[in-house]
Amino acid sequence: MGLYDGVDLRLNVPHSARMYDYFLGGFTNFAADREAAGHALAVAPWVRTGARANRSFMHRSTRTLAEAGFDQFLDIGTGIPTSPNLHEVAQRIRPSARVVYADNDPIVLSHAQALLTGTPEGRTAYVEADATDPAGLLAAPGLRETLDLARPVALSLNALLHFVPDELGAYRVVEHLKSALAPGSALVMTHVTPEFAPEDIADLVRIYSSAGTAVQARSRPEIARFLDGWTLLAPGLVPIPRWRPVPGETVVSPSEATGYAAVAVKP
Ligand SMILES: C[S@@+](CC[C@H](N)C(=O)[O-])C[C@H]1O[C@@H](n2cnc3c(N)ncnc32)[C@H](O)[C@@H]1O
């Protein structure tokens, strides 16, 4: 069996996960993805650094939570594997960490093997699921066999929710996930905002829409609403590079145009 057997990857149509992979310098992208990504870079050259800044936040927030004692992670909207992946960051600190990845895209599924290479003491699983069906996602056998939802879980929704417009029930989805998690759980997220570079973002939303992907950039108060009722860890909901930067390591976007990041804990 070849890697892509039986999966319609629609390689002639640009795809957000492969465009993101291209911005990060990966190799899982094709001509149509590179063309659409090229249009995005032409209107907003900072997108490449923004993608790296987003990834760098995932490293810092995962390390912070693993150091605080978290040993269960659920990462929805995982994307094409990019080393280090979340389980590598978490298990470096906590080798027994259990990590479940979920994405709705067949290209991510076809590369999931790279996400299943954890430590012998820990465990990783991949679930093909759509965030807009949180009940189905949470009931997936791979998730249930890997995570104990009666104990705290670090849920990450990084660069995911701007692909879930209000019409698809973004707030309903997040409230469902929040209510299913035990007290002491954490919600980690990054989200694109139009606030810092409204014209660039409007152009990007148009480019993604014409490539078939709906994007909804949200304001800071709209993003804060996802975290309602949970306690923000310092420094709060801030531009992505400003969340606990590590000098010499944190990737800083030239503008802060990418979006906001936060980590919040369930009381
Ligand atoms: C920009 S990537 C983010 C990757 C990674 N979380 C990161 O921050 O580096 C967004 C990912 O979300 C996935 N995605 C978009 N809508 C989704 C949905 N409704 N359910 C599950 N995954 C979704 C896409 O397939 C893509 O892999």
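The values are calculated or read from the model by the stated rules, or taken from the named source; none is laboratory data. If you're wondering where the values come from, they're calculated on a predicted model, not measured in any experiment. Note: ideal-geometry Cβ built from the backbone for every residue, glycine included; neighbour counts use all protein chains shown. SASA here: full protein model, heavy atoms, side chains in, ligands and nucleic acids out. Shrake-Rupley method; radii C 1.70, N 1.55, O 1.52, S 1.80 Å.
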Identify all residues within the range 218-232 that are open to solvent by 40 Å² or more (accessible area, probe 1.4 Å) and of a type outside the set (Lys, Arg); write none if there are none. Pro221, Glu222, Asp228, Gly229, Thr231, Leu232
Modelled with pLDDT under 95, over 16 Å from the mean Cα position of the chain (by Cα), under 18 Å from Asn54 (Cα atoms) and among the basic types (Lys, Arg) - does that describe any residue in the range 242-265? yes
Condition broken by Ala182, with the remaining ones in (1) more than 16 Å from the ligand (Cβ to nearest atom); (2) surrounded by 14 or more Cβ atoms within 10 Å (Cβ to Cβ) satisfied: (2)
How many residues are open to solvent by 70 Å² or more (accessible area, probe 1.4 Å) and assigned to a loop (DSSP other than H, G, I, E, B) when one looks only at the range 12-49? 3
Just name the residue that is surrounded by the fewest Cβ atoms within 10 Å (Cβ to Cβ) out of those in the range 50-81 that are more than 12 Å from the ligand (Cβ to nearest atom) and in a helix (DSSP H, G or I). Glu67
Within the range 86-103, residues within 15 Å of the ligand (Cβ to nearest atom) and either hydrophobic (A, V, I, L, M, F, W, C) or open to solvent by less than 10 Å² (accessible area, probe 1.4 Å) (or both) come out as Leu86, His87, Val89, Ala90, Val99, Val100, Tyr101, Ala102
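Residues are listed down the side, and each one gets a yes or a no for (1) over 21 Å from Ala51 (Cβ atoms); (2) away from the ligand (no atom under 15 Å from the Cβ):
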{"position": "Gly118", "(1), (2)": "yes, yes"}
{"position": "Ala131", "(1), (2)": "no, no"}
{"position": "Pro134", "(1), (2)": "yes, no"}
{"position": "Ser156", "(1), (2)": "no, no"}
{"position": "Glu175", "(1), (2)": "yes, yes"}
{"position": "Met189", "(1), (2)": "no, no"}
{"position": "Glu199", "(1), (2)": "no, yes"}
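Each row is one residue, and each column tells you yes or no for (1) among the basic types (Lys, Arg); (2) exposed (fewer than 15 other Cβ atoms within 10 Å of the Cβ); (3) in contact with a Pro (Cβ under 9 Å, 6 or more places away or on another chain).
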{"site": "Glu167", "(1), (2), (3)": "no, yes, no"}
{"site": "Asp203", "(1), (2), (3)": "no, no, no"}
{"site": "Ala211", "(1), (2), (3)": "no, no, yes"}
{"site": "Gln216", "(1), (2), (3)": "no, no, yes"}
{"site": "Ala234", "(1), (2), (3)": "no, yes, no"}
{"site": "Thr258", "(1), (2), (3)": "no, no, yes"}
Name the single residue that is nearest to Ile201 (Cα to Cα) among those in the range 160-176 being touching a residue at least 60 places away in the same chain (Cβ under 8 Å) and in a helix (DSSP H, G or I). His162
If Pro194 meets every condition in (1) in a helix (DSSP H, G or I); (2) free of Cβ contacts under 8 Å to residues at least 60 places away in the same chain apart from one, which number is that one? (1)
Out of the range 104-155, which residues are crowded, with 16+ Cβ neighbours inside 10 Å, of a type in the set (Asp, Glu) and in a loop (DSSP other than H, G, I, E, B)? Asp105, Asp130
When both residues are 6+ apart or on different chains and their Cβ atoms are under 6 Å apart, which pairs have a first residue that lies in the range 95-118 and is more than 25 Å from Asp148 (Cβ to Cβ), and a second that is away from the ligand (no atom under 13 Å from the Cβ)? Pro106/Val7; Ser110/Leu3; Ser110/Tyr4; Ser110/Val7
